[in-house]
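Before any comments, here is the structure.
The values are calculated or read from the model by the stated rules, or taken from the named source; none is laboratory data. Because the structure is predicted, anything quoted here is derived from the model rather than measured. Please note: Cβ atoms are built from the backbone with ideal geometry, for glycine as well, and neighbour counts cover all protein chains shown.
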Amino acid sequence: MRYLFFDIECANCFNGHGKICSFGYVIADDNFEILEQKDILINPKTKFHLKNRRKEGEDIELSYPLEMFTASPDFEYYYPTIKNLLTYPDQIVFGHSVINDIHFILSECKRYYKPTFGYDAYDTQVLYKLLHKEKNESSLSKLCEKYGIEVTDLHRSDYDAYLTMSVMKALCGEYDTDVQGIFAKLPTAFYTVKDDGSIVNNFSVESNSKKLLDMARKIKIDRQIPKNQLIKEKYFCLSKEFEDNHFCKAKYLVREIRRRGGFYCTKVGKSDYFLKGDEECDRSKNVKKILSQEGCRLKVLDIGQLLRMLEIDAKDYEAIIDEE
């Protein structure tokens, strides 16, 4: 597995569209050893807006003379390179406040009439925020300060990519784990850019899981329902894709599971039953790994099997409208 950390600088963001003037990246291995580092300078074919650009009125000072940008090829020329870098197989992509960089690439594809393309991207800003349960996002410079990472050249894209890698390495050190260990804590903390240019914020799905967990804690066992040993004190996990696309039905199922003495959980490894969805998700990928283990107790159910286990009429279930 290799990791790609990238960062983008723009000449301006007029009309909400970033005109890219540099694409910097660092490619590293599992031990954060740098395999490649490069800053690609791009002619934005527009004027630069660097004064009073931040909310605080801060100026941006780029790391190269403007003449170097205007003498470089444009985004159309580097489009195949950028696409290949971001879509390289068996690779995990990172950025800091990466949603901005995602939008920059999409807007440039639109400006140059180039096809959009799909990839996943983890955000070190989001990972830090969720791990530390903070309300506000932290800038790259603030996180470098927190972790004692020396900063000498902000706004040089490849250097900012290097700092992003350094923050990710520091996060792993803080939690005494590796990248995969961080992902185990936050398996959905990434964005998915689809081929059509649409963006899915996967970690927003966590809020659905949290709602279900909070709801499940408040539901009491219904003593009037006959005991079912297949359900009592058993743990049920739902496909994350199912929760996202059928949240009202998911609430109904969790409620009925709890009423019969079962438990809802979000950890596949702790579960006795897993309700599969229509599409693969991070949880279903974990199911495949768990099922291959010797002595695995996990059973995968489709919705029909779960309804029969809960003794729920399929017509009553189908009558629930997913309006959330």
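Details
- Annotation: of all residues in region 232-253 being assigned to a loop (DSSP other than H, G, I, E, B) and in contact with a Phe, Trp or Tyr (Cβ under 9 Å, 6 or more places away or on another chain), the one that is surrounded by the fewest Cβ atoms within 10 Å (Cβ to Cβ) is 233.
- Qualifying position, being closer than 25 Å to residue 50 by Cα, β-branched (Val, Ile, Thr) and modelled with pLDDT of 95 or more, among 98, 93, 167: 98
- Members of region 3-18 that are modelled with pLDDT under 95 and either of a type outside the set (Asp, Glu) or farther than 16 Å from residue 159 by Cβ (or both): 10, 11, 12, 13, 14, 15, 16, 17, 18
- Qualifying positions in region 39-75 - at pLDDT below 90 and in a helix (DSSP H, G or I): none
- Of all residues in region 216-235, one or more are in contact with a strand residue (DSSP E or B) (Cβ under 6 Å, 6 or more places away or on another chain), of a type outside the set (Phe, Trp, Tyr) and on the phi < 0 side of the Ramachandran plot.
- Residue ID - surrounded by the most Cβ atoms within 10 Å (Cβ to Cβ), chosen from residues in region 31-42 that are among the charged types (D, E, K, R) and under 20 Å from residue 155 (Cα atoms): 39
- Residue within region 43-56 that is surrounded by 17 or more Cβ atoms within 10 Å (Cβ to Cβ) and of a type in the set (D, E, K, R) present: no
- So residue 256, is it touching a Phe, Trp or Tyr at 6+ places or on another chain (Cβ under 9 Å) and within 23 Å of residue 217 (Cα to Cα): no
- Top-ranked residue of region 107-150 - restricted to ones that are in contact with a strand residue (DSSP E or B) (Cβ under 6 Å, 6 or more places away or on another chain) and aromatic (Phe, Trp, Tyr), ranked as surrounded by the most Cβ atoms within 10 Å (Cβ to Cβ): 122
- Breaking point among (1) out of contact with any His (no Cβ under 8 Å at 6 or more places or on another chain); (2) under 21 Å from residue 185 (Cα atoms); (3) assigned to a helix (DSSP H, G or I), for residue 133: (3)
- Candidates 85, 66, 143 - the one that is assigned by TED's automatic domain parsing to the domain that holds residue 184 and over 21 Å from the mean Cα position of the chain (by Cα): 66
- Residues that are at pLDDT below 95 and of a type in the set (Val, Ile, Thr), drawn from region 252-278: 266, 268
- Residues in region 61-98 that are hydrophobic (A, V, I, L, M, F, W, C) and over 24 Å from residue 30 (Cα atoms): 6 in all.
- Tally of residues being touching a residue at least 40 places away in the same chain (Cβ under 8 Å) and surrounded by fewer than 14 Cβ atoms within 10 Å (Cβ to Cβ) across region 162-184: 1
- Pairs, first in contact (Cβ under 8 Å) with a residue 12 or more places away in the chain and crowded, with 17+ Cβ neighbours inside 10 Å in region 87-106, second among the charged types (D, E, K, R) and not in a strand (DSSP E or B), C-beta under 6 Å, six or more apart: 95/101
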